[in-house]
Amino acid sequence: MSPDGDRRPTVGVRSGRPRFGSPHRDLGAPVIPRPVTGSFEVYEWCLRRDGFSIEDIAQTFGFDLDRSKEIVENLLELHLIRAAPRRESWFLPEDPDVAYSQVLTPRELDLLERKVAIGHLRTDLARLSLLFRSSKFAGQAANAVETVKLPEAVKSLLSEATANASREVVFMRPETERPAAEREEEQAKDFQLLERGVQLRILYQHTARFDLPTREHAENLLAAGAEIRTAGALFSRLTIFDRATAFIPSSDDEDGALVVQEHSLIKFLQSCFEHAWATAKKFDTGRAQIDAISQETKKEIVKMLISGAKDEAIARRLGVSVRTCRKHIGQLMLMFGATSRFQFGYLVKEANLEEDV
C-alpha cells in the first residue's frame, strides 16, 4: 500500500503480471494510469538491454526492492513493458504505440462522449432554467442573472423564449451588417411572434434605413403589425420577453449572453428601451434614400470625431462596418471642404457648427 493509502496493483511472483483490485475504483469512469517517479528513466534504460528484473533496477538505480517493484507495476499498467513469455520475473520493453492504443485511445473516446453529453445536458438545463424562472416558483430562485457562454445554448434559449412569449417582445438592434444566416434566423423568429399576436417593437439605428435587407424586412414587419423606430445611436443589443426575461451581450464572450430575470434589473432595462423609443423616429421606408445620411447620424459622427474617437469605435456605435463609416466621414469632410480629419475638427469647432450639421 502506498503512503497515501491507495492500494496499488501487485506483481505476481511467477507470472509478473499485475493483479488489479482497488475497491475504490469508479467502474463507470476509466482510470488514466499516471507514471511514478523513475518509470520513464527505467524504460529508457531497459531499451539498451535484452531484458531486466526487479533486482536489476534496484542494483542499477540504487532503489530498494519495494521502489523497484512499484516502478515495474507502473510500467506494466502503462503497457510500456511486458513479462517475458519463457523466463520468470523477467521483463521486456513494449512499443509506446501499444500503450497509446490500449491505455489512451479508449479513454479519449470516453472523454469525447462525456464532453458531448455534458454539452447536451448544459443546454437542456439552461432551457429548463428559463422555464423555471418563468413559472410561479421563480421567486424562490437565488440566481436571477445567468451567464451563458455557448452560442448553441444562447440560440436554444432565445428560441425557447420566443416560443413562450405571449404579450410583448422588444428588441434593440444596433447593428445591421450581420451574416445572412443570423439575419434570416432572426427574421423568422420575428414573424413567429407576430403570427401569435405578440406585440413586437424594434429599435434600429438610423443607418438601418440605408441597409437594403434590413429595410425590406422592416417593410414586411410593419405590414404584419410590428412597430419599428430608429435612433441616432443605441448602446447595445437588448431583447426583453414579456418584461420578465432579458438577453444582453456578455462582456466576457462575444458569442455569449447574460440571461436576466431579476425584476428590478428587468425594469431598469425596459426603462432604457422606453427612453430610447420615446425619442426615436418611425421607420418610414417610403422616404428613405439609400445614399443619404440622416441629420442625426451626421451630428453623432461629428461629435465622436471631435472627441477623438477612432473609426472602429464610431462604426461600432453606429452599427455599421468600418468601411461604411469611413464613407460617411468622407461625405461630411467633403461637405465642409476639409482635406484632413484635423482640419475638419478645426472647422467645425471654429464655426461652432456641432449643432448645425
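The values are calculated or read from the model by the stated rules, or taken from the named source; none is laboratory data. Owing to the predicted nature of the structure, the values given are computational and were not obtained by experimental measurement. Glycine also receives a Cβ, built like all others from the backbone with ideal geometry; neighbour counts cover every protein chain displayed. Side chains included, ligands, DNA and RNA excluded: accessible areas come from the protein's heavy atoms. Shrake-Rupley method; radii C 1.70, N 1.55, O 1.52, S 1.80 Å.
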Go ahead and collect, in residue order, the members of the stretch 188-205 whose backbone nitrogen is under 11 Å from a label point 7 Å along the Cα-Cβ direction of N220. 188-192
Accessible surface, the stretch 174-254, averaged per residue in Å² (probe 1.4 Å): 45 Å²
So if I take the centroid of the Cα atoms in the stretch 145-222 and the same for the stretch 50-67, what is the distance between those two points in Å? 71 Å
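When the accessible area of the stretch 164-242 is computed with all protein chains present and a 1.4 Å probe, what percentage of it is carbon and sulfur?
Numbers: 1520 of 3180 Å².
Carbon-and-sulfur percentage of accessible area, whole number: 48.
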Where GluC sites (Glu not before Pro) fall in DSSP loop in the stretch 213-275, at most 11 other Cβ within 10 Å: E254
Accessible surface, per residue, of the stretch 33-95 when the full set of protein chains is kept, probe 1.4 Å, Å²: 58 Å²
Gyration tensor (alpha-carbon) shape descriptor, the stretch 190-258, a/c threshold 1.5: oblate
